[in-house]
1. One residue is enough: does the stretch 180-202 have a residue meeting the conditions β-branched (Val, Ile, Thr), out of contact with any strand residue (DSSP E or B) (no Cβ under 7 Å at 6 or more places or on another chain) and either touching a residue at least 40 places away in the same chain (Cβ under 8 Å) or part of a loop (DSSP other than H, G, I, E, B) (or both)?
2. Which one of these is basic (Lys, Arg) and either in contact with a Lys or Arg (Cβ under 7 Å, 6 or more places away or on another chain) or modelled with pLDDT under 90 (or both): ARG77, ARG46, ARG54, ARG37?
3. Among the residues of the stretch 109-119, is there at least one that is of a type outside the set (D, E, K, R), touching a Gly at 6+ places or on another chain (Cβ under 9 Å) and loosely packed, with under 13 Cβ neighbours inside 10 Å?
4. Which residues, counting only those in the stretch 51-105, are in contact with a helix residue (DSSP H, G or I) (Cβ under 6 Å, 6 or more places away or on another chain), closer than 18 Å to ALA25 by Cβ, assigned to a loop (DSSP other than H, G, I, E, B) and not charged (D, E, K, R)?
5. Of all the residues that make up the stretch 5-19, how many are within 19 Å of ARG72 (Cβ to Cβ) and either out of contact with any Lys or Arg (no Cβ under 7 Å at 6 or more places or on another chain) or modelled with pLDDT under 90 (or both)?
6. Please work out if LEU62 is under 20 Å from GLY141 (Cα atoms) and either crowded, with 20+ Cβ neighbours inside 10 Å or among the small types (Gly, Ala, Ser) (or both).
Amino acid sequence: MNERTKITASHLARHAVVYLRQSSAAQVEHNRESTERQYALASKARELGWPAERIVVINEDLGLSGGGTATRSGFARLTAEVALARVGLVLGLEVSRLARNNAEWYRLIDLAGLTDTLIGDGDGLYHPAVFNDRLLLGLKGTMSEAELHILRARLNGGIRNKAARGELRRGLPVGFVWGEEEGEVCFHPDEAVCTAIRQVFAQFAATGSARRVWLGSTRSTRRRRERGNICSGRLSLLLQ
């Protein structure tokens, strides 16, 4: 079946939304080829018949996970536009770009089915109101969520094995750095950093309150700024 037959005049009269997402800021920075491929979906929308003025690119969620733990303003905007029947086509590089959890994924395809909205990816176009297309979209969403679980399990397993061998190094508290020897933890080489941290603990031991420590450091910072402003004012008067 020619997938272009699924596109009607009603779809073309509404917007085609290209949704972009990368799971982390590191992926956005280093895996630029994937980002460029996602932006290129706008050309696919034009090939399918949408004019440039009705193609919308949503890229607010670049660097955010689709697993449901992060608040994605772009996905919320997409869902709202679909619910208002303003979208004729939703395009993503693959289903996992849209959502990696079934709660968000099924909400989107339910709304798309009700509002006669098509969903497309690298494999083709789907109409969520058609049983076979909905079945395939459901399977893709389930596989995407399962893939995230498998990847997380592999990463956690590697971390546990490394920790069991005593080779795991995680971020240390402020003021400490890893040494050259295995498992060695040292004070920060910058004496100013160590001095500032010792002062914080000394003030906490004296006051017994984290809030009082914070208020004391705030007043100290304010006094230094005021002294700096007075000195700069005197200097400007001398220069005049």
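1. no
2. Sole residue among the options that is basic (Lys, Arg) and either in contact with a Lys or Arg (Cβ under 7 Å, 6 or more places away or on another chain) or modelled with pLDDT under 90 (or both): ARG37.
3. no
4. GLY63, GLY67
5. Residues flagged as within 19 Å of ARG72 (Cβ to Cβ) and either out of contact with any Lys or Arg (no Cβ under 7 Å at 6 or more places or on another chain) or modelled with pLDDT under 90 (or both) within the stretch 5-19 amount to 2.
6. no
Residue-by-condition table, conditions (1) outside the structural domain of ARG21 (by TED's automatic domain parsing); (2) over 24 Å from ARG152 (Cα atoms); (3) surrounded by fewer than 16 Cβ atoms within 10 Å (Cβ to Cβ):
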{"site": "GLU33", "(1), (2), (3)": "no, no, yes"}
{"site": "ALA42", "(1), (2), (3)": "no, yes, no"}
{"site": "LEU48", "(1), (2), (3)": "no, yes, no"}
{"site": "PRO51", "(1), (2), (3)": "no, yes, yes"}
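Residue by residue, here is whether (1) surrounded by 11 or more Cβ atoms within 10 Å (Cβ to Cβ); (2) modelled with pLDDT of 85 or more holds:
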{"residue": "ALA164", "(1), (2)": "no, no"}
{"residue": "LEU172", "(1), (2)": "yes, no"}
{"residue": "ASP190", "(1), (2)": "yes, yes"}
{"residue": "ARG198", "(1), (2)": "yes, yes"}
{"residue": "GLN203", "(1), (2)": "yes, yes"}
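The values are calculated or read from the model by the stated rules, or taken from the named source; none is laboratory data. Note that this is a predicted model, so its numbers are computed, not measured. Methodologically, a virtual Cβ is constructed for each residue, glycine included, from the backbone with ideal geometry; neighbour enumeration extends over all protein chains shown.
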